[in-house]
Amino acid sequence: MIYGLLTPDVPLGPFEGSPITVWSAQGKQAKLHASSSCSYLRSARATEREVHLDASVVARMCPQCGAYSSWARPGTGLAVFLDTLTGLGLLYELDNFRDADEDTSSDEEVRQAAALLHRQAPEVPTDAAAQGEAEDDEDTTWEELQEARRVREAVFREWRGALASMHRAHQHLELFPWLRSWAKAALQMKADRLRAVQVQARLLVTEDALLAAAAAAAMQEPDVPADDAAFAPLGAPAEARKKLLSLWRRWQRTVEDSWDPPREQAYLVHHLADGMSSRRKGRDQMVERARAVLAEWESRARLAVERKYDEQVLVARLPHDAATERDSRRSLLDRLDEWELGVLAVYTVDTVWQPQSVITVRVPEPVAARLLTQQHGLSYTEREAANEPAPETVAAPSPLAELPFGPGVFDDTAVRSRRPVTLAHLRALRAAMRDAEQLYVVFSVDAGLEVVALSVLEQRCAAGWRGVIVAGASDLPDALFDSRPIVPGQDVPEDGEIWPARVYDPHHAAFGAELGVAEGERLLVRLCAGRRDVGHALRSLALARGMADLRQLETVGYDDRGLARRPFAAEVWHGLLALEQLDLQPFEPATGTGWRRGSGLPLGVLARVQVYTSDAAGQYQGRAHSPGCAHRRPEHGVGRDDDLVTLEELVGSKDFDPCSKCGGYAIRRLNQDQVAYYRAAHRLHHLAGQVHAVARKDGGDGSELAVELEEFTSLDRDRTEAWFPSREQARQWREIVDRLRRTLPGPGSA
């Protein structure tokens, strides 16, 4: 089934006439497709062309592309507009929960279910014959009661769904206000259905049950009769008290979150007998005594119901820019528990959806106290009845400059024509776009071009930052990215190991390649293999490489599931950071003996390599860890609490205390010149060991080593400038090479 198909009658607003790229077969009336790979496009002679979006173009849209494909570049205002409309977006919401379907319960069925649910508990007969008949009736009543509960759950499920659907529809309309008048008729049908289902829901829950639940939630921990002889099977009085209090907490949780009156929870006494044999002496007496204890708690709750209370008017505002879990289509209203949903069904006196979603309830004081003091799905505040919200009004269409979405803010116009982005724009983007949390290239007069995550940009706009969005990671050109990067000297098949064995021979062509940016790209592609976000991950990696400090990639805040926001897949960090440790022996002083001996080579171009660690100078308790260490926080990558030092500073730090598992740090991946120098330094260091070994042998021939050293004797100008930031370091390199040549015996010596 195709949901949310865009139709010609939908007003396009400021996007009328926007240029889009389409594919079509031959013929003036051929269907238009958003992609050349559309399964409905079967012609081998499809042509690509640019058209201007209007009603006639929409009428020729392929049904599949018109519902599920994007007709604009990702991240642009037009793309967000079409994505919000189609699929399971606004058009779907406007068509949903408008009429009763075949599974909907009729009003008569609801009344019968309500009569069963609210029926008083029958008295227990005394004679045996009557007890047998009562047991038979009880079995029949139990089945009927279960069916009544299923009816109640179905009605409340529909009401919750209709309420959430109405909220989502108005969320979408807040982003595109020119659609309000067009959607008015559909919204009225949804509102009528919502009211009809709410009338049914009110019949299935009593005010007494909701008030008793609120009273139970406010009850303090009781004094339990742990010393009562009837509870001896539970153990010593201390153990009995512990189990009775556990029963109390279970009873309180069940009652305060239920639609049923407290008397329906009498079955909870059997939890005391869990694991106890049915033939245990005193078991039945213990259960009977526990029933009496529960009856006392129920009596306290009933007393609260019998009192007279003043009423309070509370309001709950549902922000239209509240982010939802678009994959699961869950919103604030979808998370309401049974009791709160029942309160809204019974006590709601008004619901206003524009300009802001506001639910007004008039509730007794105990219910108001619970709503105001305890954590629930919605946030409630007090308000006088005289200040109830005004009736819904439809605002006039905003001018283009005030629209949250429209040409000129995002990536759909020339940069010169961009309008400054505001906090309202970004909040609208987050509410409408599933992948809004990504990296963006932004420009401001004060700071120039920068790369920031959306959450950081929101924080800056709230503080008064003024600038424009140049492009998002999802809108970078496809031609710049190769989905299968090749690492020189390391041909690893796609079905081979993701993490290839490390090469230790400095003369091997792949030595040091695991530290380079090319290996980072290969790893990223392999780790994201088979996933849709591999292209977005490569684009995010490209943007992140331009940042001077990777700690600025940390985002701000959490999503609605409590997870830290991430601008890209966690695997991107493997493209930015090399978790393998550097072998720095060639750069250590030429002292010591045997394998401990260094060559004293200058760090050269490696000196400025960025190093990220949890503690570079031993300032905190415990050892320093790398961003990928299991001993530190579970989040991937680096954050603002990490230290950033250069490799030169880390080598010179005497207080650096690294973790023995991870080495204590991760380096920013090396560029081509840095990898080349790292390899050259290790090759020279290896040759130095061979030179000293030959020199210790009388009559050894060093001619082959002299030929290999010749490569390092006189570097060309390009390599010298690329490897050594200063002449002093280049001179130091030459002196070491010359010293090795003089050390060689035989014809190859200097």
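The values are calculated or read from the model by the stated rules, or taken from the named source; none is laboratory data. Bear in mind that the values here come from a model prediction, so they are computed numbers and not experimental data. Positions of Cβ are backbone-derived with ideal geometry, glycine not excepted, and every protein chain shown enters the neighbour counts. Side chains are part of the model used for accessible areas, which takes the heavy atoms of the whole protein and leaves out ligands, DNA and RNA. Shrake-Rupley method; radii C 1.70, N 1.55, O 1.52, S 1.80 Å.
Consider V197 against the criteria (1) touching a residue at least 12 places away in the same chain (Cβ under 8 Å); (2) open to solvent by 20 Å² or more (accessible area, probe 1.4 Å): it satisfies all of them except one. Which criterion is unmet? That leaves (2) as the condition not met.
The set of residues from the range 38-56 being open to solvent by 60 Å² or more (accessible area, probe 1.4 Å), out of contact with any strand residue (DSSP E or B) (no Cβ under 7 Å at 6 or more places or on another chain) and of a type outside the set (S, T, Y) comprises R42, A44, R45. Could you tell me which residue of the range 477-523 is modelled with the lowest pLDDT, considering only residues that are of a type in the set (G, A, S), more than 23 Å from V605 (Cβ to Cβ) and part of a loop (DSSP other than H, G, I, E, B)? The extreme case among them is S483.
Residues in the range 428-470 that are of a type in the set (G, A, S) and either assigned to a loop (DSSP other than H, G, I, E, B) or on the phi > 0 side of the Ramachandran plot (or both): A436, A447, G448, A463, G464, G467. Looking across the range 564-587, just one residue is touching a residue at least 60 places away in the same chain (Cβ under 8 Å), among the small types (G, A, S) and in a loop (DSSP other than H, G, I, E, B), and that is A570.
Kindly evaluate K243 against the criterion of being more than 19 Å from A215 (Cα to Cα), in a loop (DSSP other than H, G, I, E, B), open to solvent by 40 Å² or more (accessible area, probe 1.4 Å) and free of Cβ contacts under 8 Å to residues at least 60 places away in the same chain. So K243 does not fit the description; no. Of all residues in the range 172-184, none satisfies being touching a helix residue (DSSP H, G or I) at 6+ places or on another chain (Cβ under 8 Å), hydroxyl-bearing (S, T, Y) and either buried (at least 21 other Cβ atoms within 10 Å of the Cβ) or over 30 Å from T373 (Cα atoms) (or both).
A Cβ distance below 6 Å, combined with a sequence gap of six or more or placement on separate chains, defines the contacts here; from the range 667-680, residues that are among the aromatic types (F, W, Y) reach residues that are assigned to a helix (DSSP H, G or I) in the pairs Y677/G604; Y677/V605; Y677/W723. Looking across the range 77-104, just one residue is among the polar types (S, T, N, Q), crowded, with 20+ Cβ neighbours inside 10 Å and more than 18 Å from E174 (Cα to Cα), and that is N96. Taking (1) touching a strand residue (DSSP E or B) at 6+ places or on another chain (Cβ under 8 Å); (2) more than 22 Å from A432 (Cβ to Cβ); (3) open to solvent by less than 20 Å² (accessible area, probe 1.4 Å) in turn, V110 satisfies each apart from (1).
Listed conditions (1) open to solvent by less than 50 Å² (accessible area, probe 1.4 Å); (2) at negative phi; (3) modelled with pLDDT of 90 or more; (4) out of contact with any strand residue (DSSP E or B) (no Cβ under 8 Å at 6 or more places or on another chain) are all met by G604, apart from (2). Checking the structure you have, find out if any residue of the range 312-332 is modelled with pLDDT of 90 or more, open to solvent by 20 Å² or more (accessible area, probe 1.4 Å) and closer than 30 Å to V367 by Cβ. Within the range 312-332, one or more residues are modelled with pLDDT of 90 or more, open to solvent by 20 Å² or more (accessible area, probe 1.4 Å) and closer than 30 Å to V367 by Cβ.
Within the range 267-305, being closer than 27 Å to L371 by Cβ and modelled with pLDDT under 85 holds for A304, V305. Check the range 403-415 and report whether any residue there is at pLDDT 70 or above, under 30 Å from K184 (Cβ atoms) and either surrounded by fewer than 16 Cβ atoms within 10 Å (Cβ to Cβ) or acidic (D, E) (or both). Yes - at least one qualifying residue is present in the range 403-415.
Contact map, the range 510-522: first residue free of Cβ contacts under 8 Å to residues at least 60 places away in the same chain, second residue part of a helix (DSSP H, G or I) and buried (at least 23 other Cβ atoms within 10 Å of the Cβ), Cβ cut-off under 8 Å, separation 6 or more or different chains; pairs are E521/L538; E521/L541; E521/G575. Looking only at the range 17-37, decide whether some residue is open to solvent by less than 60 Å² (accessible area, probe 1.4 Å), touching a residue at least 60 places away in the same chain (Cβ under 8 Å) and within 26 Å of A428 (Cα to Cα). The answer is yes; a qualifying residue exists.
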